[in-house]
Structures are given as structure tokens and as C-alpha cells.
């Protein structure tokens, strides 16, 4: 709740995409009242807003018609749209005393500077989680990176804790590196898995079967990483210094477009960051 309030703050969500949907459902489950789902004027956006509003007991409204009474306004829109969305809602509320937050991982709370000038306390509140169509992840135990004005941070910490999340503070200069870390943790990992599917096909395994058969080794690798750290979780021919096997890999991967380049880049990263035998021999054959 906001300082001085005896109840949980009322919340308006700007946007109706994957993140907005997961957030709205989690907030509702945590006992928060979602008053409005605010979107652009497009027909697609309005349909999404109505669908999400029905799910969480809110009203769906376009930005041009919004009249915001909520205590907290949470912007769940693409990074490039945050400032313009804030501008479009500048006249939709008396911002004095309100809290406005956005969920960009890369951008700072300054994207909401217009609302700060109108009296709102602002922050960036980013869940370290992936949100895609067809999946609505729980926010329990999810880390949330927080940065912004003190009043907004106090409100955000309370909300995140109610969601079961784990709030932590991040400095403005660190946000780009923080978001790049997230890029490695999920989108680029997905790109690696997509490349691995093409290699599986070269081995005579269908993409569908590959996704099923790769799961045990993925789970164990992640479990090893969490328990032992990256050096302790590292295995395979590079760790053993097996030049002959790596040569075989490089040869067969010439027939899988793009996969060889991914293999070499990751193998060179492994030589830089992880324990490996016969480094000189491996470095010779892994020149890009």
C-alpha cells in the first residue's frame, strides 16, 4: 500500500500484451483491484484490453478516453512507447501523489519524467522473467529490478512482495548491462536451442523429437549450474581438450547453415571463461 494508506492501492495497467496479462492476473490473485486496462485506439488493442479486463474484473478503455483514479499506474508497453504513452495520459489524471511505474529492463524511470513533473513518483519495475504468447508464468520467486523515486520504490517493493516476487535495487547506469544479462538468460538461449534443433535434424532427429529428448540434459545442466557454478557444470570435449572430436564437429557443421559459427563463438567463449585442457590445440582449430 502507499504510505498512509490502510488498503492495497488501486492499479491501472497501460497495455494488454503478454507482460500486462501475466501481471494483471497475478495482481488480482494477490488481492489487488485492477481498475482499468488502458490501450491505444487500434481495434486489436481494444480487443486485447476487453479480453484482459474481463479476466481480472477491470474496465478496458482507450488512452483518449481514460480518466484515471487509481493510485498506481503501471506501464506495460514496448520501450519505445513508454514516453509517448505517458504523454498521452498526462491529462487523464491528477498525478500529484500517484505512483507511475514502467517495466522496461533497459530504460530508466526517467522515461516517465513528464508524469514526475506533474507530481507523480516514478520508477522502473522490471521482472526478470520471459513473457510469450500462450504462456502465463507465475511471478512467485521472480526477481524484480527496481530503480526510481523513493516513494515509488516503497510502493513497488510492497507490491512485488505481495506477488511473491523478490525486489532488488539497480542503479541507472547498470540497467543496460542488466538487460543484456537477461538477453543471454532467455532470448539468446532460445536462439541457441533453435540452432541445436537444426543440428538434431542433421543427426536424423525431428525438431519435435529433439525438443523432447533434449529436456533431461537441459534440466541437469541448469541444476548443475545453480549448485556448482559454471566451471563445475562444464563438461564435454572442450573441457577434456579433445581436439579430434571438436574437429569432427566443425566438419559436419559445415552442412548446417549458421550452426558452425554459433559453435565456434560459444567454444571460444568457453575457452575464455571455463576450465579446459589442451587450450592451445583447441584455439588453433577454433579460429573464426
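Observations, loosely collected:
- With a Förster radius of 51 Å applied to the C-beta separation of residue 261 and residue 113, the computed FRET efficiency comes to 0.75.
- Percent RCO, i.e. relative contact order, over the chain, from Cα pairs under 8 Å lying at least 6 residues apart: 12
- Contact order normalised by residue count of the stretch 129-171, Cα under 8 Å, 6+ apart, percent: 46
- Computed over Cα pairs, the Kirkwood radius of the chain leads via Stokes-Einstein (1.567 mPa s, 4 °C) to a diffusion coefficient of 60 µm² per second.
- Using C-alpha pairs below 8 Å separated by at least 6 residues, the relative contact order for the stretch 11-173 is 19 percent.
- GNM remark for the chain: springs join alpha carbons under 10 Å apart, and the peak mean-square fluctuation among 26, 42, 138 falls on 42.
- Inter-part distance where the stretch 130-165 and the stretch 169-219 are each reduced to a Cα centre, Å: 23
- Protection-proxy order for peptides 64-77, 221-234, 238-251, 175-188, each taking the mean of Cβ atoms within 10 Å per residue, highest first: 64-77, 238-251, 175-188, 221-234
- Using a Gaussian network model of the chain in which every pair of alpha carbons under 10 angstrom is joined by a spring, one finds that among 133, 171, 40 the greatest mean-square fluctuation is at 133.
- Computed E for residue 287/residue 192 - FRET, C-beta separation, R0 22 angstrom, nearest 0.05: 0.55
- Alpha-carbon radius of gyration plus Dmax, which is the widest Cα pair, for the stretch 11-173 in Å: 14.1, 39
- GNM flexibility winner over the chain from 104, 135, 59 (Cα, springs under 10 Å): 135
- Antiparallel bridge percentage (DSSP; both residues within the chain; nearest 5): 15
Bear in mind these aren't lab numbers, they're just calculated from the coordinates by the rules spelled out. All values derive from a computational prediction rather than experimental measurement. Ideal geometry is used to build each Cβ from the backbone, glycine not excepted, and the neighbour counts take in all protein chains shown.
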